[in-house]
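To start, the structure under review is shown below, and the notes come after it.
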Amino acid sequence: SDANGQCVVTPVPGEVSVEKTLASDGNDNGVADPGEELTYHLTLTNDGPSVTGFGLTDVIDANTVFVSASENGEASGRTIVWRDLEIAADSTLVVVVTVRVADELPAGVSHVANLVHRTDEEPPVCEGPSDANGQCVVTPVPGEVSVEKTLASDGNDNGVADPGEELTYHLTLTN
């Protein structure tokens, strides 16, 4: 209140937006290769007054393991939590998280997906690159291509490569 007690100042909470990006992968090819470390930047942008006690939750993919987190992030299983972040007025805070991709990925896994959200909000959907308004990062994993070569036909269809005969093969690629 002011000196005359006629004015009360009510603080307005900051307006913090959260965005997650893949800052680097082990060989910078944009693919989550088995065994490599992925480093994410969680960017908190405050377009209002200072914020204290901000809670942030980062959920890592089941095919990754936690390595490290800046700003005193605490990991438990697949979840990393920050309970008391401070973001100055009209500024940005970048939190760094590093995970390691599993050495062996199960058959059928096509990507790793990681998402971040305010602790006081429900987690966003994270199934594809366009989900969650920048709070989700979907990184492809390398494909597993197998090749099969079969003889489709030989000139006289006897299954033997005779001298001077034209052979036709079929190549089948499976991912």
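Descriptive notes on the structure:
- Residue check for residue 75: closer than 19 Å to residue 115 by Cβ, modelled with pLDDT of 95 or more and surrounded by 11 or more Cβ atoms within 10 Å (Cβ to Cβ): yes
- Screening residue 168 against (1) polar (S, T, N, Q); (2) exposed (fewer than 11 other Cβ atoms within 10 Å of the Cβ); (3) modelled with pLDDT of 85 or more leaves a single unmet condition, (3).
Here is a yes/no grid of residues against (1) part of a strand (DSSP E or B); (2) more than 27 Å from residue 27 (Cα to Cα); (3) touching a His at 6+ places or on another chain (Cβ under 6 Å):
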residue	(1), (2), (3)
75	yes, no, no
89	no, yes, no
92	yes, yes, no
97	yes, no, no
100	yes, no, no
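- Residues (open to solvent by 80 Å² or more (accessible area, probe 1.4 Å) and either free of Cβ contacts under 8 Å to residues at least 12 places away in the same chain or more than 16 Å from the chain's Cα centre (by Cα) (or both)) located in segment 93-107: 103, 104, 107
- Residue 22 under 29 Å from residue 140 (Cα atoms), of a type outside the set (D, E, K, R) and either at pLDDT below 95 or assigned to a loop (DSSP other than H, G, I, E, B) (or both): yes
- Matching entry among 21, 52, 57, 43 (being of a type in the set (Ser, Thr, Tyr) and farther than 20 Å from residue 126 by Cα): 52
- Test: residue in segment 51-60 that is open to solvent by 20 Å² or more (accessible area, probe 1.4 Å) and outside any strand (DSSP E or B): no
- Filtered residues of segment 78-92 (kept if within 14 Å of the chain's Cα centre (by Cα) and either open to solvent by 80 Å² or more (accessible area, probe 1.4 Å) or of a type outside the set (S, T, N, Q) (or both)): 78, 80
The values are calculated or read from the model by the stated rules, or taken from the named source; none is laboratory data. Just so it is clear, the model here is predicted, and its values are computed rather than measured. Virtual Cβ from ideal backbone geometry, glycine too; neighbours counted across all protein chains shown. Remember, those area values only see protein heavy atoms, side chains included, never the ligands or the DNA or RNA. Shrake-Rupley method; radii C 1.70, N 1.55, O 1.52, S 1.80 Å.
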